[in-house]
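A.B. asks: Can you keep this structure in mind? I'll have questions shortly.
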2 protein chains.
Amino acid sequence: MQHQKLATIEDVAALAGVSIATVSRAINEPTKVADETRRKVTEAIARTGYTTNAMARSLRMRRSNMILILAPDVGDPNFSNILVGLETEASKRGYGVLIGNTQNDPARETDYLRFISSNQADGLILFTGHLPYGFGQDGTEGRLPPMVAVNEPVPNADVPYVGVDNFEGARIATEHLISQGHRRIAFVGRSGAREVNRLREEGYRKALAGAGISIDPRLIIDGDGTTESGRAAAELMFVRDALPTAFFCVNDATALGVIISLNARHYDLPRQFSIMGFDDISFSSFVTPSLTTMKQPRHRIGEAAMELLLELLAGEKPHEQQILLRAELIVRNSVTRFG
Amino acid sequence: MQHQKLATIEDVAALAGVSIATVSRAINEPTKVADETRRKVTEAIARTGYTTNAMARSLRMRRSNMILILAPDVGDPNFSNILVGLETEASKRGYGVLIGNTQNDPARETDYLRFISSNQADGLILFTGHLPYGFGQDGTEGRLPPMVAVNEPVPNADVPYVGVDNFEGARIATEHLISQGHRRIAFVGRSGAREVNRLREEGYRKALAGAGISIDPRLIIDGDGTTESGRAAAELMFVRDALPTAFFCVNDATALGVIISLNARHYDLPRQFSIMGFDDISFSSFVTPSLTTMKQPRHRIGEAAMELLLELLAGEKPHEQQILLRAELIVRNSVTRFG
DNA sequence: GTGAAAGCGCTAACAA
DNA sequence: TTGTTAGCGCTTTCAC
């Protein structure tokens, strides 16, 4: 059962006894139409249930007032809050947003790209940390559509980026640990691949250096940011037999893994080990012990990113190529004084 | 900096020395074109970097091969896995999917509706539990576009539904508790508004009745399915002073709240209280004690829903109006023998 | 203030 | 096997 044929602008025009041009004007530039005419058109629209065909309109105007959001995983705990910020700002400026879940699949990225080149979307928000597959590899750099990266910066491509200040946040986090008397602080989540992890590790190093604490390489453990990686890291720590008094984890998911491992070994947390996370995902307040962490201003990140993208679309030169927002220390129960 | 003007079918035709109709055919019905011609076209496409304008194509064909997924909250822990199932099946059949996050905002729902009536999407998957605002209220029922509900059924509208068998699942869950010797079993999450909660409560009642256990109304507590509601419910239980030996929670989020409350009161779980959830969201295996629950076959729900929708689109009469998939009991550590 | 007509980029009759 | 052409539904000159 197909839904019935919809009214077109011609139906409205016929019913109102005017030309389609007038109907179009009555809708888009009401002031340019005589009051009486406008009234007739409005009534005809109501009677026919007409709604303008966005596709025909976009084809003609060569723009859609739509923004496409490319995300590798909409289930990422950081995603949905940033999204709301993006939507809030877009909607305020008359834009709509659509989400494409790529699962990091190149084919899917290319598909969504077609969305852009058809003007079904005017701009792009990237959560992926890389250019959509199809760009950048063959010198097509020149024709990048307007886009802004979020959450994860895009290396080696001048894509504007809006995100939390990972370096600074990690520094503050580590300093908090130090201020509580910790000096043997592990870093869990070193990664060559992920820029975010790298920056957080830098912040960690900076804080230690600032406090005159030398770095013990045995306390720096690889991890990809998953809970499982956190658990594995903690186990590894015990194997290496070089124990810290506190763990600074690259993110909350990792911290959760560490807590699980420690709980399983029946340690009394946070008395025996302090754990610090980063992100403040929703679950962090529910773990036992509840997680002390750095909160990302996700909503504001979304708003700022969209604002930047819309500036780009308006042809304005953006004020800055990168906007870093401050993370906020959230003190809960997983960090305690040492010594 | 706008990205450069893209090649159109005319550019390709000119370069290949053929008509645009031939180019179109070479792309869409390659067999109807001479080998040599096809070769020339293919090469011209490669040289120009042409990619067909999906919008123009859809406008002309009156269909887009796109499915719009309307979700009130993409952060819902059940969402992303079902989504992957939807995408898998759609992609297998040559369809793409796009996600619209509605936040339950009527305005937003109406906006996305326009997407359908412009043929930018051919069908709809509803996570919202209700028809998009704009439908159904004024007898416009007749022109509902093809759609399938998922996760949450749509009451009072014949929208096909694919989901877990909540009634049956809840019955199994409760019977598991009974089989462990529990007879005073609380139900947390009664809701007049949410169909899913209602069905799960029914399953609970059925299981008790089947075991000849009479229902104590003081053990049935309201809740909207949030963690906070679970916490509040547990607290209320203590105020009422009618304690159960086990809690069957309407979902995992609620169960988590109950566990938090019980942990905070320093009960030894699961020795003193057993807790059973429903859904098996990712966090359930991380809580302490890890949660015994009913697992929703989310991936398969997504696949089945998309399959059904595509049947509808193909004009086929669907075999069934409702597909209920079985939930699976996942035994972890939050339920233990009583007595 | 309003209308006629061109054209956005494409597909599908129909002709050749 | 290929080309010509109408037209999807709309916006926007350009006349009037």
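Coordinate-derived values only; no laboratory data. From a predicted model like this one, the values you see are computed outputs, not experimental measurements. Every residue, glycine as well, gets a Cβ built from its backbone with ideal geometry; the counts of neighbours run over all protein chains shown.
A.B. asks: With springs connecting C-alpha atoms under 10 Å apart, model chain B as a Gaussian network and identify which of B:Ala242, B:Ala327, B:Ala207 has the largest mean-square fluctuation.
C.D. replies: Highest fluctuation among the options: B:Ala242.
A.B. asks: Starting at the first residue of the stretch A:224-231, write each ³J(HN,Hα) from the Karplus equation 6.51 cos²θ - 1.76 cosθ + 1.60 with θ = phi - 60°, in whole Hz, x for Gly and Pro.
C.D. replies: Once rounded to whole Hz, the list reads 9, x, 8, 4, 4, 5, x, 4.
A.B. asks: Counting only DSSP beta bridges with both residues in chain B, what percent are antiparallel, rounded to the nearest 5?
C.D. replies: 10 percent
A.B. asks: I would also like to ask the following. If each of B:Arg265 and A:Ile213 carries a label point 7 Å out from its Cα toward its Cβ, how far apart are those two points in nm?
C.D. replies: Each label point lies 7 Å from its Cα, and together they span 4.0 nm.
A.B. asks: Would you please state which residues of the stretch B:198-220 a label at B:Asn156 would reach in this model, taking the label point 7 Å out along Cα→Cβ and a backbone N cut-off of under 20 Å?
C.D. replies: The answer is B:198-199.
A.B. asks: Give me the inter-chain shielding for B:51-62: mean count of other chain Cβ atoms within 10 Å, whole number please. Each step should come with its number before you reach the end.
C.D. replies: Values: counts 6, 3, 6, 9, 14, 6, 2, 5, 7, 1, 0, 2.
Across the residues of B:51-62, the mean count of other-chain Cβ atoms within 10 Å is 5.
A.B. asks: Using a Förster distance of 30 angstrom, determine the FRET efficiency expected from the C-beta separation of A:Ser91 and A:Lys5, and round it to 0.05.
C.D. replies: Working: r = 30 Å, r/R0 = 1.00.
After rounding to 0.05, the efficiency reads 0.50.
A.B. asks: Please compute the average number of Cβ atoms from other chains found within 10 Å of each residue's Cβ in peptide B:75-87. Could you put the intermediate results ahead of the total?
C.D. replies: Numbers: counts 11, 2, 4, 1, 3, 7, 1, 0, 6, 5, 0, 1, 6.
So the per-residue partner count for this stretch is 4.
A.B. asks: Would you grab the residues whose amide H sits under 5 Å from the one on A:Arg190? Only those 5+ places off in sequence or on another chain, please, with H modelled 1.01 Å from N.
C.D. replies: Close amide H contacts, sequence-distant or interchain: A:Ile221, A:Asp222, A:Gly223.
A.B. asks: Please report, in whole Å, how far the alpha carbons of the stretch B:9-60 spread along each principal axis, starting with the longest.
C.D. replies: Principal extents (Cα only, largest first): 30, 22, 15 Å.
A.B. asks: May I pose another question? Which ³J(HN,Hα) values in Hz, rounded to whole numbers, follow from the phi angles of the stretch A:255-267 under the Karplus curve 6.51 cos²θ - 1.76 cosθ + 1.60, where θ = phi - 60° and Gly and Pro get x?
C.D. replies: 4, 4, x, 5, 4, 4, 4, 5, 4, 5, 8, 6, 7
A.B. asks: Given the DSSP H assignment, sum -39500 (n - 2.57) over each helix run of at least 4 residues in the protein assembly as shown and divide by its residue total; what's the result at 222 nm in deg cm²/dmol, nearest 500? Show your work: numbers first, answer last.
C.D. replies: Working: 22 runs with 276 residues, N = 678.
Here the helix-only value at 222 nm equals -13000 deg cm²/dmol.
A.B. asks: Using only the alpha-carbon atoms of the stretch A:1-103, report the extent along each of the three principal axes, biggest first, to the nearest angstrom.
C.D. replies: Sorted from largest, the Cα extents of the stretch A:1-103 read 54, 38, 23 Å.
A.B. asks: Within 10 Å of each Cβ in B:259-269, how many Cβ atoms from other chains are there, averaged over the peptide? If you can, show how the numbers build up before the last one.
C.D. replies: On the way: counts 2, 5, 0, 0, 2, 1, 0, 0, 0, 0, 0.
Across the residues of B:259-269, the mean count of other-chain Cβ atoms within 10 Å is 1.
A.B. asks: Just to be sure I understand: with springs between alpha-carbon atoms less than 10 Å apart, which residue in B:Asn156, B:Asn251, B:Asn166 has the highest mean-square fluctuation in the Gaussian network model of chain B?
C.D. replies: B:Asn156
A.B. asks: Which residues does the label zone of B:Ile20 cover in the stretch A:25-56, counting backbone N under 17 Å from a point 7 Å along Cα→Cβ?
C.D. replies: In the stretch A:25-56, the label zone of B:Ile20 (backbone N under 17 Å from the point 7 Å along Cα→Cβ) covers A:56.
A.B. asks: So how do B:8-15, A:45-52 stack up, highest first, on mean other-Cβ count within 10 Å?
C.D. replies: On the way: B:8-15: 18.8, A:45-52: 16.4.
Going from most to least packed, we get B:8-15, A:45-52.
A.B. asks: Can you spot the lysines whose alpha carbon is less than 26 Å from A:Lys40's alpha carbon? Ignore those fewer than 8 places along the same chain.
C.D. replies: A:Lys5, A:Lys32
A.B. asks: Lysines within cross-link reach of A:Lys206: Cα-Cα under 29 Å, excluding same-chain residues under 8 positions apart?
C.D. replies: Cross-link targets: A:Lys295.
A.B. asks: Could you state the number of Å between the C-alpha centres of the stretch A:61-112 and the stretch A:306-339?
C.D. replies: Between the Cα centres of the stretch A:306-339 and the stretch A:61-112 lies a distance of 19 Å.
A.B. asks: In units of 2.2 N^0.38 Å, what is the alpha-carbon radius of gyration of chain A?
C.D. replies: Working: Rg = 25.9 Å, N = 339, 2.2 N^0.38 = 20.1 Å.
Taking the Cα Rg and dividing by 2.2 N^0.38 Å, one obtains 1.29.
A.B. asks: Now, a different point. Pick from B:Val154, B:Val164, B:Val18: which residue has the top mean-square fluctuation in a GNM of chain B where Cα pairs under 10 Å get a spring?
C.D. replies: B:Val18
A.B. asks: Highest mean first, how do B:26-35, B:109-118 rank when packing is the count of other Cβ atoms within 10 Å averaged over residues? Spell out each step's value before the answer.
C.D. replies: Details: B:26-35: 12.8, B:109-118: 20.5.
Answer by packing, highest mean first, reads B:109-118, B:26-35.
A.B. asks: Contact order normalised by length for the stretch A:9-60, with contacts defined as Cα pairs under 8 Å and 6 or more residues apart; what percent is it?
C.D. replies: Details: 37 pairs, mean separation 19.1, N = 52.
So the answer I get is 37 percent.
A.B. asks: Then there is this: I need the phi-derived Karplus couplings for the stretch B:65-75: 6.51 cos²θ - 1.76 cosθ + 1.60, θ = phi - 60°, integer Hz, Gly and Pro marked x.
C.D. replies: Each residue's phi maps through the Karplus curve to give 6, 10, 10, 9, 9, 9, 10, x, 7, 5, x Hz.
A.B. asks: Evaluate E = 1/(1 + (r/R0)^6) for B:Ala314 and A:Gln272, where r is the Cβ-Cβ distance and R0 equals 56 Å; express this FRET efficiency to the nearest 0.05. Kindly include the intermediate steps, with their values, before the conclusion.
C.D. replies: Values: r = 62 Å, r/R0 = 1.11.
That pair, B:Ala314 with A:Gln272, gives E of 0.35.
A.B. asks: Report, by chain and number, residues whose modeled amide H sits under 5 Å from the one on B:Ile69, excluding near sequence neighbours (fewer than 5 apart, same chain).
C.D. replies: Hits under the 5 Å cutoff: B:Leu98, B:Ile99, B:Gly100, B:Ile125.
A.B. asks: So for the protein assembly as shown: antiparallel DSSP bridges make up what percent, rounded to the nearest 5? Spell out each step's value before the answer.
C.D. replies: Numbers: 7 of 71 bridges.
Of those bridges, close to 10 percent are antiparallel.
A.B. asks: Can you tell me the FRET efficiency between A:Thr37 and B:Asp105 if r is taken as the Cβ-Cβ distance and R0 is 25 Å, rounded to the nearest 0.05? Mind showing how you got there, number by number?
C.D. replies: Numbers: r = 33 Å, r/R0 = 1.33.
So, using R0 = 25 Å, E works out to roughly 0.15.
A.B. asks: Could you give me the radius of gyration and the Dmax of the protein assembly as shown, taking only the C-alpha atoms into account and expressing both in angstrom?
C.D. replies: In order Rg, Dmax, the Cα atoms of the protein assembly as shown give 28.2, 86 Å.
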